[in-house]
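The values are calculated or read from the model by the stated rules, or taken from the named source; none is laboratory data. It should be emphasised that the depicted structure is a prediction, and the values quoted were computed from it without experimental measurement. Here the Cβ is made from the backbone with ideal geometry for all residues, glycine too, and neighbour counts use every protein chain on show. Please note that ligands, DNA and RNA were not included when accessible areas were found on the heavy atoms of the full protein model with its side chains. Shrake-Rupley method; radii C 1.70, N 1.55, O 1.52, S 1.80 Å.
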Amino acid sequence: MSQFAIEIEGLSKTYEGRKGEPAKEALKGVDLKVPRGSIFGLLGPNGAGKSTLINILAGLVRKSDGNVRIWGFDQDVNPRQSRAAIGVMPQELNLDPFFTARAALDVQAGLYGVPKRERQTEEILRLIGLTDKADAYSRTLSGGMRRRLLLGKALVHGPHVLVLDEPTAGVDIELRQMLWTNVRKLNEQGMTIILTTHYLEEAEEMCDEIAIIHQGEKIAHEPTGELIGRLDAKTLVIQPEGAAPTDPALPPEVRCEQRPGGALAFSYRRSQTSAEEVLDAVRAAGIRIQDVASEDPKLEDIFLALTAGSHKAA
């Protein structure tokens with residue numbers, strides 16, 4: 001068996017133009033490999049091609065070119081097996097309002113051909129925290145509960161790969177924490193997780209590897225720490241003791257910013273300057289140090305740098 005849960009080679013998708021509009025090339029020869037057992041982040045600005053890629057994996061959109069293998073099954077050669085290997089929790093709340101939570105899970109399991117004796121309906125209801133709402137119609141559930149039910153529907157056939165498309169959009173902190181607890185539990189049991197989110201701090205915390213798609217092309221794919229480490233940047237935040245000059249004399253490679261509360265943030269490039277050199281320059285500028293902390297770059301910083309100023313990863 002391959003060490004990869006998902007293997008994508010040369011994946012392209014072009015949508016035909018409507019009403020005289022030109023055709024739109026949503027994906028442009030994307031290559032991507034998702035390791036088995038990982039939590040994998042798939043990020044990109046609006047319109048980058050993420051939804052198209054996910055819909056191709058789910059079998060909802062027909063690709064224009066390329067090869068897709070899910071859990072070792074070629075999507076063209078073994079379409080049923082490849083679809084059975086993946087579950088998708090969509091961003092849209094697409095639930096039948098006349099089904100109860102239990103019925104929605106049972107019907108979904110039936111659509112995947114899961115025999116009644118093998119269905120895990122009650123276990124999934126416990127996992128997603130809806131046991132007490134099992135017989136409530138989905139139309140009566142809160143938005144957060146509906147999102148939990150969507151997660152349950154994605155799990156009914158026991159997929160090896162779970163895709164979470166913006167799973168925490170518009171949900172409260174309690175539900176978000178519950179979701180991530182469940183995701184970690186599923187991952188510990190061997191399930192591969194693919195996450196798209198515009199909450200970049202979540203991706204930074206949760207994901208082992210991250211790929212960034214921009215304008216239909218993969219522009220980055222690295223372990224999370226290595227990706228963030230691309231930025232040659234560091235910041236020392238100093239709380240001065242007593243009054244400090246607002247515009248201290250510093251080397252040209254060190255930039256100073258005053259923060260609320262009187263703290264001073266000194267930014268520099270690690271390849272050019274060391275932390276000790278920055279501290280020496282601060283002392284030489286007449287600033288007495290009461291406290292100091294360091295800040296490393298965040299995923300948001302590298303995301304914005306790579307996508308040239310896009311402000312969302314939706």
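Some points to look at:
- Cα-based equivalent ellipsoid, segment 85-157: semi-axes from gyration tensor eigenvalues, Å: 18, 13, 11
- Charge dipole (the chain, unit charges on Cβ, about Cα centre) - positive-most of Ala263, Leu127, Gln81: Gln81
- Backbone geometry of segment 140-153 corresponds, through the Karplus equation with coefficients 6.51, -1.76 and 1.60 at θ = phi - 60°, to 3J(HN,Hα) couplings of 8, 7, 5, x, x, 5, 5, 5, 4, 5, 4, 4, x, 4 Hz, x marking Gly and Pro.
- Positive end of the dipole of the chain (Cβ unit charges, origin at the Cα centre): among Ser274, Ile287, Ser12, the Cα lying farthest that way belongs to Ser12.
- The chain, relative contact order in percent, only Cα pairs under 8 angstrom and at least six apart counted: 20
- Placing +1 on the Cβ of every Lys and Arg and -1 on the Cβ of every Asp and Glu, with no other charges, gives segment 45-185 a dipole of roughly 160 debye about its Cα centre.
- Student exercise, segment 147-283 dipole from Lys, Arg, Asp, Glu Cβ charges, in Debye to nearest 20: 380
- Just the protein heavy atoms count here, and of the accessible area of the chain at 1.4 Å, carbon and sulfur take up 47 percent.
- Computing Rg and the Kirkwood Rh from the Cα coordinates of segment 178-311 gives a ratio, Rg/Rh, of 1.09.
- Spherically averaged projected area of the chain from its Cα convex hull (nm²): 21.4
- Rh (Kirkwood; distinct C-alpha pairs) - segment 1-77, Å: 13.3
- Dipole size of the chain about its Cα centre, with +1 on Lys/Arg Cβ and -1 on Asp/Glu Cβ: approximately 1300 debye, rounded to the nearest 20.
- Karplus (6.51, -1.76, 1.60) ³J(HN,Hα), θ = phi - 60°, over segment 46-54, in Hz, Gly and Pro reported as x: 4, x, 6, x, 4, 5, 4, 4, 5
- Formal net charge of residues neighbouring Gly144 (Cβ-Cβ distance under 13 Å; K, R +1; D, E -1): +3
- 0 to 90° range, to nearest 10: angle between helix 101-111 axis and the chain longest Cα axis: 70
- Ranked by the mean number of other Cβ atoms within 10 Å of their residues, highest first, the peptides 80-93, 277-290 come out as 80-93, 277-290.
- In this structure, the amide hydrogen of Ile289, modeled 1.01 Å from its nitrogen in the peptide plane, lies closer than 5 angstrom to those of Glu241, counting only residues at least 5 positions away or on a different chain.
- Amide H contacts of Ser38: Ile193, each under 5 Å away and 5 or more positions distant or on a separate chain (H built 1.01 Å from N in the peptide plane; Pro and chain starts excluded).
- Listed residue (Leu105, Thr181, Tyr199) projecting farthest to the positive dipole end of the chain, Cβ model: Leu105
- Computed over protein heavy atoms with a 1.4 angstrom probe, the accessible surface ordering of Phe303, Phe98, largest first, is Phe98, Phe303.
- Using the 1.4 Å probe convention, the accessible area of segment 206-258 works out to 51 Å² per residue with neighbouring protein chains retained.
- Beta bridges per DSSP with both ends in the chain, % antiparallel, nearest 5: 70
- Long-range tail of P(r) for segment 1-133 (Cα pairs > 26 Å, %): 37
- Under the Karplus curve 6.51 cos²θ - 1.76 cosθ + 1.60, θ = phi - 60°, whole-Hz ³J(HN,Hα) for segment 76-84, x wherever Gly or Pro sits: 7, 7, 10, x, 5, 5, 5, 5, 5
- For the chain, calculated [θ]222 nm from helices alone, where every DSSP H run of n ≥ 4 adds -39500 (n - 2.57): -8000 deg cm²/dmol
- Residue of Gly129, Gly20, Gly44 that the Gaussian network model of the chain assigns the largest fluctuation, springs spanning Cα pairs under 10 Å: Gly20
- Taking other residues whose beta carbon is less than 13 angstrom from the beta carbon of Gly87, and scoring Lys, Arg as +1 and Asp, Glu as -1, yields +1.
- Sequence of Glu16, Glu122 when ordered by accessible area, the most exposed leading, probe 1.4 angstrom: Glu16, Glu122
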